[in-house]
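Below: one structure, written as structure tokens.
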Amino acid sequence: MNPLPSLIACVGLPGSGKSTVGRQLAKRLGWRFMDSDQVIEQRLGCSIREFFEREGESAFRDLEEQVIAEICRDGQGVLSTGGGTVLRLANRQVLRQHATVIYLHSPPDEVFRRLRHDQNRPLLQVADPLGRLRELYHARDALYRETAHRVLETGRPSVSSLVHAILAQFDSPSLSAVAGPGVASSTARN
């Protein structure tokens with residue numbers, strides 16, 4: 001068991017449940033919830049999709065790197081990152097150093113089932129979104145694992161079960177009532 005950190009960050013493919021699980025985890029802990037994509041959109045005054053189309057991925061990744069660094073310096077709460085956050089070495093390093101990082105591992109087929117009607121994810125607006133998710137998975141899985149302190153298999157458990165599994169990783173007297181029974185589907189990483 002590890003002590004409860006001050007910042008927990010969720011990483012994983014788009015649609016792996018980072019925002020949903022992160023929001024519920026923050027609620028259970030009574031902590032602030034931050035979604036890096038929402039922070040970016042607030043700064044931009046437009047959607048990520050619009051900015052992505054207008055300025056390109058590189059400009060988006062530059063801004064994302066700034067936002068991740070700022071949030072990690074602030075250091076308290078639960079953070080949901082964008083699916084591509086781990087593409088930048090600087091992001092992987094700052095997350096690993098300043099947060100306990102949970103990789104919500106979802107296979108591409110499961111993510112596709114969740115996202116098949118979502119029109120707001122720029123990287124999935126292609127002729128073959130499942131194929132694109134498979135490409136993203138193969139390109140990013142190792143980076144998610146490199147960044148993560150723990151890997152949590154999302155499969156089909158409820159959000160509540162996933163939150164319990166995350167809380168069960170930490171040793172804190174104040175969590176005993178919050179955590180409830182843990183789900184033994186996560187693996188620890190050093």
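The values are calculated or read from the model by the stated rules, or taken from the named source; none is laboratory data. All figures in this text were calculated on a predicted structure; none of them were measured in a lab. No Cβ is skipped: glycine too gets one built from the backbone with ideal geometry, and neighbour counts run over all protein chains shown.
Numbers at a glance
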read-out	value
Any hit, segment 38-45, residues being touching a residue at least 12 places away in the same chain (Cβ under 8 Å), among the small types (Gly, Ala, Ser) and either farther than 18 Å from residue 136 by Cβ or exposed (fewer than 15 other Cβ atoms within 10 Å of the Cβ) (or both)	no
Test: residue in segment 11-28 that is of a type in the set (D, E, K, R) and closer than 24 Å to residue 116 by Cβ	yes
Any pair with Cβ under 7 angstrom, 6 or more apart, that starts in segment 150-169 at a residue that is within 11 Å of residue 106 (Cα to Cα) and touching a residue at least 40 places away in the same chain (Cβ under 8 Å) and ends at one that is surrounded by fewer than 18 Cβ atoms within 10 Å (Cβ to Cβ) and among the hydroxyl-bearing types (Ser, Thr, Tyr)	151/187; 152/185; 153/185
Pairs with Cβ under 7 Å, 6+ apart, first in segment 97-113 and closer than 17 Å to residue 135 by Cα and outside any strand (DSSP E or B), second at pLDDT 90 or above and of a type in the set (D, E, K, R)	108/134
Residue count, segment 147-166 (criterion: under 16 Å from residue 23 (Cβ atoms), in a helix (DSSP H, G or I) and among the β-branched types (Val, Ile, Thr))	3
Which numbered condition residue 84 misses (of (1) over 10 Å from the mean Cα position of the chain (by Cα); (2) closer than 23 Å to residue 135 by Cβ; (3) surrounded by fewer than 22 Cβ atoms within 10 Å (Cβ to Cβ))	(1)
Any hit, segment 65-87, residues being of a type in the set (A, V, I, L, M, F, W, C), in a helix (DSSP H, G or I) and either touching a Pro at 6+ places or on another chain (Cβ under 9 Å) or within 22 Å of residue 110 (Cβ to Cβ) (or both)	yes
